């Protein structure tokens with residue numbers, strides 16, 4: 001069964017602009033954070049705030065974000 005996401009308020013990532021495949025984020029009523037891409041909005045990833053924060057910290061520490069900056073230029077400011 002698919003979770004009801006009709007009441008979520010999606011916000012475009014600050015790294016996104018008007019073109020390309022961009023990431024959207026929403027805070028769910030259960031306290032989790034939901035993420036989706038503009039090119040496939042039916043696929044939604046759910047994470048706790050702590051889990052997402054930890055993931056982003058590890059990604060930043062590993063330098064992965066530096067190698068991904070050119071991956072989707074339309075979404076980077």
- Query: Stretch residue 28-residue 5 to full length: gain in nm at 0.36 nm per residue minus the Cα-Cα span?
  - Reply: 7.4 nm
- Is the shape of segment 11-64 best called rounded, prolate or oblate, per the rule: a/c under 1.5 gives rounded, else a/b larger than b/c gives prolate, else oblate, with a ≥ b ≥ c the square roots of the Cα gyration tensor eigenvalues? oblate
- Message: Assuming 0.36 nm per residue, please report the length gained on full extension of the stretch residue 35 to residue 14 beyond their Cα-Cα distance.
- Response: 6.2 nm
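Taken together, the values in this text are just the output of simple stated rules run on the coordinates, not laboratory data. Bear in mind that the values here come from a model prediction, so they are computed numbers and not experimental data.
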